[in-house]
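Only the coordinates and a few stated rules stand behind these numbers; no lab work does. Every value quoted in this text rests on a predicted model; they were computed, and no experiment measured them. Here the Cβ positions follow ideal geometry from the backbone for every residue, glycine too, while neighbour counts run over all protein chains shown.
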């Protein structure tokens, strides 16, 4: 069976990364792990102290001197990876015990790139702020259905054959939506496989201002990547501004459709978090609108 290298980007992640590392080192298929590479660009001191307390022989810490975006830290970790299969896991995510078993089964069956489902941890399951982020950001990654191809998957829970990763040049140098563009780069060479049984649990922000700011960034970079990758007239100004209500309506309809297909449990949680969800959607739209107005000339720079 194939060996894997885990790559974990980290920035001031002391509140969450211990759950990430504990879950990796507790995986059922731990014998298949060749390396766990943490690429840390923290400036808080505490995070690196915490990481260094892990004296696991498979742990490799790369320390960067300044704050670095996730795309670049993932690429940096991949350069030191030795295994055939790369697994990208964010430092605010922890894994189900059998996550790696499902990933390896999919890989051995011919899936060169893919990822698993995203869930909410037990300690945030009744937090409307966490649930709002969950349904805004991961409504396409609910643990529903069978293994299937998808257009894109989030990089917080992703695997890829190292040869394919190198072929496409790694993650693009974008602050956000880098995983979407990365999947689009890989699509001509391989289907992007969703493996719902490979479940991870995302730890979400619990401060409203941080939540709002992040949604604005996500809204902004949705506009950025669509301009870069699709170059359609309706993503250019002034059309992107004029059509924003239509974009929001389509987005809402798609999210609600996915949640309804996922079953009553998700529907009840979505209704419970709906006021906070709408606030998050407002700030997402604000970021989208600001980028539509500015039309910044962002270009892809591959590392």
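Here are some notes:
- When residues in segment 137-156 are screened for being closer than 24 Å to residue 271 by Cα and buried (at least 22 other Cβ atoms within 10 Å of the Cβ), 1 of them pass.
- Residue match in segment 216-228 (condition: part of a helix (DSSP H, G or I) and free of Cβ contacts under 8 Å to residues at least 12 places away in the same chain): yes
- Annotation: residue 68 fulfils all but one of (1) touching a helix residue (DSSP H, G or I) at 6+ places or on another chain (Cβ under 8 Å); (2) closer than 17 Å to residue 189 by Cα; (3) free of Cβ contacts under 8 Å to residues at least 60 places away in the same chain; the unmet one is (2).
- Filtered by the rule that a residue be assigned to a loop (DSSP other than H, G, I, E, B), farther than 23 Å from residue 29 by Cα and under 23 Å from the mean Cα position of the chain (by Cα), segment 48-89 gives 64, 66, 67, 68, 69.
- Scanning segment 115-129 for residues that are touching a helix residue (DSSP H, G or I) at 6+ places or on another chain (Cβ under 6 Å) and assigned to a strand (DSSP E or B) yields 117, 118, 120.
- Residue list for segment 102-114, filter: in a helix (DSSP H, G or I) and surrounded by fewer than 16 Cβ atoms within 10 Å (Cβ to Cβ): 108
- Summed over segment 159-197, the residues that are assigned to a helix (DSSP H, G or I), in contact (Cβ under 8 Å) with a residue 24 or more places away in the chain and closer than 27 Å to residue 284 by Cβ give a count of 8.
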